[in-house]
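Enquirer: Before anything else, here's the structure in question.
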Amino acid sequence: MQYCDTLIAPRWCVPVEPANVVLTNHAVVINDGRITDLLTLADAREKYQPSAFIEKPDHLLIPGLVNAHTHAAMTLMRGLADDMPLQAWLRKGIWPAEKRWVSAEMVRDGTELAIAEMISGGTTCFSDQYFFPEIVAETAVDLHMRAMVGTPIIEFQTAWAVDTADYLRKASDLVHDPYADHPLVSTCFAPHSINSLSDESFIELRVLADQLDVRTQIHLHESAVEVATAVEETGKRPIDRLRELGLVNASLLAVHAVHLSDSEIELFAESGVSIAHCPHSNLKLASGIAPVAKYRDAGINVAIGTDGAASNNTLDMMSEMRTTALLAKATASDAATIPANVALRMSTLDGATALGLAQEIGSIEPGKWADLTCVDLNRLHSQPVYDPVSQLVYTARADQVTDVWIAGRHQLDNGRLAHIDTDSLLQRSNEWRDRFVASQH
Ligand SMILES: [Zn+2]
């Protein structure tokens, strides 16, 4: 008998890689935070003596969901400015509130609220883009959450930095230490959007990103207005400008990418660019519907993100996964496109690929981190179960997630957040609401 930390025996296990496999009567073995074995339950009983043996007789075990784009701290602005077009939403709703309230304390509380929500809904990794990224990273480490933390890079002064040089310096510091080789947190550069930086600043960013070997994520071709304005002001579509500046490559995560021409789709596929598709945010801000089936058919890696809670308004990857599948069918006029297993892959392994983490997470394979999500399908609206992946994508809700492990730590235990004080979090959230409301008058 071999000792191991944890042995999980679910009713169904979908490893995602290899594709289209549903295992029954299998067990996942965890040791030192990693998946060390995936074998039949009968073999596991003979071979292993676990410290914790967790049976889940009505449950589906999947890789933890990867939220490929969010602004975690914006949970504190959830519902602050709804039903407004993108530009008005930014100029009248979000930016004034941020100018008044963004601080290390706000980012810590907002990020903690976001992480609690994400873990409760089965998300084990998020790609973030917000001010005070060092606080986002610290909070992720404190709560044992996996994150790729994007450092904002813009040209105007905020509470975090004064000018582009200052943003780039702070961004580089964070990459070097202590997150150069951290088990949970990686970093990337996050220029907000195409009009956030001059050509010179983009070139500086690119040189630094190449030197430090970090990825870049940027909101790109989110709305038709963004593209038209860029053409008016510079004579170039944003993607053309980025290509000329040398930033369209396999290190680029293009967030939204709702409006792409056929030649831009081809360019992204050839260059190895990943897209973070955020359907609820695009719907809510009336930005349009990205034709993701077309992108995938062209060979682009498409991940799924929630965007921030101020434009969604939740960080619920289960619903984002379902909406992705449904919208893709309607957009392509083809009910067979983005079937349930593909929607699950986009929410897990393709997300990991977009973040440069496909060797470490995104599937249930020995050697990868034990980032796992367990979903109870024994609910009225998910019964009977013919195909557990279809039930997951088309019927399951976030509150059916019962258990979550991140790097082997049991973070959600029978529906309860094991390491987060939710009472304190609710109280702090309400205090922030009072502050935001007070500043609006
Ligand atoms: Zn965003």
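Enquirer: Just report the Cα centroid separation between segment 51-100 and segment 346-367, whole Å.
Expert: That distance is 20 Å.
Enquirer: Count neighbours as other Cβ atoms within 10 Å of each site's Cβ, and list the chymotrypsin sites (Phe, Trp or Tyr not before Pro) in segment 303-405 that are DSSP loop with at most 13 such neighbours.
Expert: Y386
Enquirer: Label-point separation (nm) for A159 and A19, each offset 7 Å from Cα along Cα-to-Cβ?
Expert: 4.5
Enquirer: What is the gain in length, in nm to one decimal, between R379 and A104 on full extension, counting 0.36 nm per residue of separation less the C-alpha to C-alpha distance?
Expert: Numbers: separation 275, 0.36 × 275 = 99.00 nm, distance 4.10 nm.
Value of the extension gain: 94.9 nm.
Enquirer: Also, I was wondering about something else. Collect residues whose amide H, placed 1.01 Å from N in the peptide plane, falls under 5 Å from the amide H of K56; neighbours closer than 5 in sequence don't count.
Expert: A9, R11
Enquirer: Note down the relative contact order for the chain as a percent, whole number, built from C-alpha pairs under 8 angstrom at least six residues apart. Intermediate values should be presented prior to the final figure.
Expert: Details: 943 pairs, mean separation 92.4, N = 441.
After rounding, I find 21 percent.
Enquirer: While we're here: So who's got an amide H within less than 5 Å of the one on T187, skipping anything under 5 residues away but keeping other chains? H placed 1.01 Å off N, in plane.
Expert: V149
Enquirer: Here's another thing I want to ask about it. Can you give the accessible area per residue of segment 65-354, in Å², using a 1.4 Å probe?
Expert: Working: 10080 Å² over 290 residues.
Heavy-atom accessible area per residue stands at 35 Å².
Enquirer: Still on this structure: Using helices alone, what [θ] at 222 nm do you get for the chain, with -39,500 (n - 2.57) per DSSP H run of 4 or more residues, divided over all residues and rounded to the nearest 500?
Expert: Numbers: 16 runs with 165 residues, N = 441.
Using -39500 (n - 2.57) per qualifying helix, the result is -11000 deg cm²/dmol.
Enquirer: Under a Cβ-only charge scheme (Lys and Arg +1, Asp and Glu -1), can you give me the dipole magnitude of segment 65-354 about the Cα centre, in debye to the nearest 20? Walk me through the intermediate numbers first.
Expert: Values: 21 positive and 38 negative charges, 137 e Å.
The dipole magnitude comes to about 660 debye.
Enquirer: Sticking with this structure for a sec: Beta carbons within 10 angstrom, averaged per residue: use that to sort the peptides 217-227, 79-89, highest first.
Expert: Details: 217-227: 22.3, 79-89: 14.1.
Highest to lowest by the protection proxy: 217-227, 79-89.
Enquirer: Assuming a strict under-28 Å limit between Cα atoms, what lysine pair count do you get for the chain once near-sequence pairs (fewer than 8 apart, same chain) are dropped?
Expert: So the count of such lysine pairs works out to 12.
Enquirer: Taking H as built 1.01 Å from N, whose amide H comes closer than 5 Å to the amide H of T6, not counting residues under 5 places away?
Expert: I30, S51, A52
Enquirer: Rounded, prolate or oblate: pick one for segment 363-438, where a ≥ b ≥ c are the square roots of the eigenvalues of its C-alpha gyration tensor, a/c under 1.5 means rounded, and failing that, prolate if a/b is larger than b/c, else oblate. Don't skip to the answer; put the middle values down first.
Expert: Working: a/c = 2.76, a/b = 1.55, b/c = 1.78.
Note, shape of segment 363-438 comes out oblate.
Enquirer: If you line up the long axis of helix 224-234 against the longest principal axis of the chain, both from Cα atoms, how many degrees apart are they, to the nearest 10?
Expert: 40
Enquirer: Let me ask another. Heavy atoms only, probe 1.4 angstrom, no DNA, RNA or ligands counted: give me T24, T323 ranked by accessible area, highest first.
Expert: Values: T24 70, T323 25 Å².
From most accessible down to least: T24, T323.
Enquirer: Another question, if that's okay. State the answer as a single residue: which of T323, L220, A254 lies farthest towards the positive end of the charge dipole of segment 65-354, with beta carbon charges of +1 for Lys and Arg and -1 for Asp and Glu, about the Cα centre.
Expert: T323
Enquirer: Can you give the accessible area of K170, probe radius 1.4 Å, in Å² rounded to 10?
Expert: 60
Enquirer: As I understand it, the dipole of the chain uses +1 on the Cβ of Lys and Arg and -1 on the Cβ of Asp and Glu, about the Cα centre. Which of A104, P279, Y179 lies farthest toward its positive end?
Expert: Of the candidates, P279 comes out farthest on the positive side.
The values are calculated or read from the model by the stated rules, or taken from the named source; none is laboratory data. All values reported here derive from a predicted model rather than from experimental measurement. Heads up, the Cβs are rebuilt from the backbone with ideal geometry, glycines too, and the neighbour counts pull from every protein chain shown. In case anyone asks, the SASA skips ligands and DNA or RNA and just uses the protein heavy atoms, side chains included. Shrake-Rupley method; radii C 1.70, N 1.55, O 1.52, S 1.80 Å.
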